[in-house]
Every structure is written in structure tokens, then in C-alpha cells.
1. Sort through 74, 102 and tell me the only one that's in contact (Cβ under 8 Å) with a residue 40 or more places away in the chain and assigned by TED's automatic domain parsing to the domain that holds residue 163.
2. State which residue is nearest to residue 111 (Cα to Cα) when the search covers only the stretch 41-59 and only residues that are buried (at least 19 other Cβ atoms within 10 Å of the Cβ) and out of contact with any strand residue (DSSP E or B) (no Cβ under 6 Å at 6 or more places or on another chain).
3. Yes or no: residue 81 surrounded by 17 or more Cβ atoms within 10 Å (Cβ to Cβ) and over 26 Å from residue 201 (Cβ atoms)?
4. Suppose we filter the stretch 33-51 for residues that are assigned to a loop (DSSP other than H, G, I, E, B) and closer than 16 Å to residue 225 by Cβ; how many remain?
5. Please state which of the following conditions residue 169 fails to meet, knowing it meets all the rest: (1) under 20 Å from residue 77 (Cβ atoms); (2) surrounded by fewer than 18 Cβ atoms within 10 Å (Cβ to Cβ); (3) without any contact (Cβ under 8 Å) to a residue 60 or more places away in the chain.
6. Mind listing whichever residues of the stretch 60-74 are buried (at least 21 other Cβ atoms within 10 Å of the Cβ) and in a loop (DSSP other than H, G, I, E, B)?
7. When you go through 208, 215 one by one, which is the residue that is crowded, with 21+ Cβ neighbours inside 10 Å, within 20 Å of residue 249 (Cβ to Cβ) and touching a helix residue (DSSP H, G or I) at 6+ places or on another chain (Cβ under 7 Å)?
8. Would you tally the residues in the stretch 227-247 being surrounded by fewer than 23 Cβ atoms within 10 Å (Cβ to Cβ) and within 13 Å of the chain's Cα centre (by Cα)?
């Protein structure tokens with residue numbers, strides 16, 4: 001594993017703010033993250049040595065670029081400066097997939113040639129607000145999502161022909177309409193302009209469909225490490241009833257299905273549930289089903305109906321779980337809880353709640369999913385006392 005800086009420091013790091021550890025040697029980054037988790041979780045049980053990456057650069061397979069105009073009216077693309085809506089022009093990011101960056105730069109260069117205006121937030125004029133690129137790391141498929149203020153695209157035919165000629169690796173192009181003044185990148189309306197409207201990727205031998213609005217881990221190399229760890233912690237023998245809470249598009253639940261008796265996935269996002277169902281059918285998985293709803297309500301209902309859950313796999317957002325779900329978890333009393341967290345502070349809060357309720361933390365495994373940032377993922381095994 002590299003212990004020194006494997007790159008030339010980015011000249012935009014102080015403007016962008018996305019890489020808090022930009023100028024910190026990788027071994028030192030891992031040491032800092034390990035120390036933080038030891039401090040937060042050590043009182044609950046053993047924290048194993050963090051798992052880093054052999055090559056910690058260009059790992060992000062989901063890349064978003066904001067488009068706008070500078071003071072001279074020229075099109076710019078890049079990232080918002082931390083805590084602001086000022087666009088920092090970026091062509092090549094240390095964290096982002098190289099092919100995705102090349103596509104975004106190509107789109108920026110093509111806009112004026114086809115009389116397409118980038119959105120100007122101050123004046124409320126222009127058409128293109130963002131470009132989202134998603135790459136299937138293990139399939140090579142690449143999706144481009146053009147986020148515009150309306151669905152009218154008179155230059156569509158010529159622009160698409162030029163884009164596909166310049167970037168033949170593109171598998172599909174989607175037009176997403178976001179006509180609201182919002183910090184959210186994607187709107188609700190979508191039209192497929194080219195290809196099938198989604199890409200696919202592979203994890204642990206399963207193939208997954210990724211739509212523009214699907215949640216999918218941004219670092220697929222470390223995601224395989226993450227899921228293997230979670231499944232090892234679950235210790236499935238082939239008979240267990242498993243709940244995949246906050247299941248998203250069903251990735252971890254489908255990976256668990258080959259080791260469990262039955263898996264139920266629960267998720268509030270309807271788009272994600274639709275993708276999860278497609279993913280299960282596409283992989284020929286028969287012992288998993290998905291429902292759109294609240295995971296806490298699902299646990300309460302199954303407990304009331306006398307249908308015990310043996311193992312819970314939970315991967316909540318950075319804000320952690322809520323007390324309603326955790327109380328439902330304590331009432332359902334599964335033998336094992338595998339908690340996948342991207343927020344160490346909220347993980348520590350939730351572990352304190354669960355340990356007071358009769359669980360103990362057997363071990364925690366930190367995994368560096370986000371090199372050069374302060375963020376760190378952690379898989380924790382809880383067992384009922």
C-alpha cells in the first residue's frame with residue numbers, strides 16, 4: 001500500500017474543499033481515521049485495523065459537475081466550493097474516474113459549438129445546469145445524465161452525434177429536467193436520449209442495474225471489501241430470515257441471498273425498490289423480496305405477527321438510524337445486527353442506544369471508502385447478550 005503521496009497535489013484543493021487530506025500521505029490518512037474510530041468505538045469493543053486501498057486515487061465512479069458561466073460569459077464546469085454555490089472549475093480530479101472527467105470536459109467544449117447555454121444562477125438564464133456521469137467499473141458501461149431547466153432540446157440530434165463521436169465509450173444518455181430553485185441536482189422528469197437509460201455493474205458475482213437516481217456506492221473496489229466484511233460478520237448458514245434495512249437497490253441483500261434462507265429488503269425510495277426488484281429478477285434470485293416502506297414499521301409488524309428476524313443488515317444514511325427503528329430492533333431482538341455506517345459519530349450514538357438495550361459490539365471493521373477525505377466507512381457486528 002502506498003505510504004507517500006501518489007500524485008501531484010491538486011492546485012484547486014484549497015478552493016474546492018472536497019479533499020481534506022489532499023496533502024497528507026496515505027498511510028497517515030489511514031492512521032488518523034483509525035485513531036478517530038478507536039476513540040469513538042473503542043469503549044464498545046475491539047476496533048480492527050482499517051482496510052485501505054492499493055491505489056487510493058480516481059475511485060469515484062459517480063461524478064457530478066455543475067455548469068455555469070464565468071464573469072466573461074464563458075462556460076465553466078466543476079464543483080461547488082465547500083459551503084457555497086461558487087463553481088470551482090475542475091478538469092481532472094484526483095478522486096474521480098478519469099473517463100467520467102473526460103466526458104464532462106468534452107460536453108463543456110461542445111456546448112458553445114452547438115449554441116447551448118449553461119445555466120446562469122444569477123440571471124436565471126441558460127439551459128444546462130449539471131452533468132452526472134455514472135461508470136460501471138467492472139462492466140465498462142458509462143451513463144451521461146444532462147440536467148437541464150426544461151425538456152426542450154432543439155440541438156439534440158447534432159449535439160448527441162458530436163458527443164458520441166468524441167466519446168464512443170458512452171453507453172447511454174439521459175435528459176433529466178430540474179426546473180426548480182433547489183440544491184438537489186436531479187429533478188423528477190427523465191427522457192432517455194440514447195441507449196437503455198441505465199448502466200450495470202457487478203459486485204460479488206451479481207449484476208446490478210444503476211439508474212440516474214439510484215443509490216450505488218461510489219467506490220466499487222472497496223464496496224466489494226465492505227460487503228464481504230458484512231457477510232462474514234452476518235455468519236449466515238443458509239436458514240436465516242434476514243432483513244436488509246435501508247436496502248436501496250438491493251445490493252447487499254442480493255449478495256446475502258445466496259447464504260441465507262430468506263431475505264426481505266425494505267426501502268422508502270420507490271425508484272430504488274423498482275431497481276431492486278429488477279436486480280433480483282435479473283440475477284435469478286428467488287429467496288428475496290422487496291417492499292417500499294419504513295423499516296421500523298416492518299420490524300414491528302413482523303414481530304407482532306410472530307415472524308422472527310434472525311439477522312438484520314442495516315446501512316442507514318450518514319445521519320444514522322432513528323430511535324423508532326432502533327426501538328423496533330430491540331423489540332424484534334434478532335440474534336445479530338450488522339451495522340454498515342458512513343458516519344462514525346452517529347454510529348457511536350446508535351451503538352450506545354443498542355448496548356443499553358441488550359446488545360454488545362463484538363467487533364468493528366473500518367474500511368477506507370473515501371481516500372483523501374475525512375470520511376470513513378465502518379462495519380460493526382452486534383450480538384444479543
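1. 102
2. It comes out as 59.
3. no
4. Matching residues across the stretch 33-51 total 3.
5. Residue 169 satisfies every listed condition except (3).
6. Of everything in the stretch 60-74, just one residue is buried (at least 21 other Cβ atoms within 10 Å of the Cβ) and in a loop (DSSP other than H, G, I, E, B), namely 61.
7. Exactly one of 208, 215 is crowded, with 21+ Cβ neighbours inside 10 Å, within 20 Å of residue 249 (Cβ to Cβ) and touching a helix residue (DSSP H, G or I) at 6+ places or on another chain (Cβ under 7 Å), namely 208.
8. The qualifying residues number 1.
The values are calculated or read from the model by the stated rules, or taken from the named source; none is laboratory data. Computed from a prediction, not measured in an experiment: that's the story for all the values here. Cβ atoms come from the backbone with ideal geometry, glycine included; neighbour counts cover every protein chain shown.
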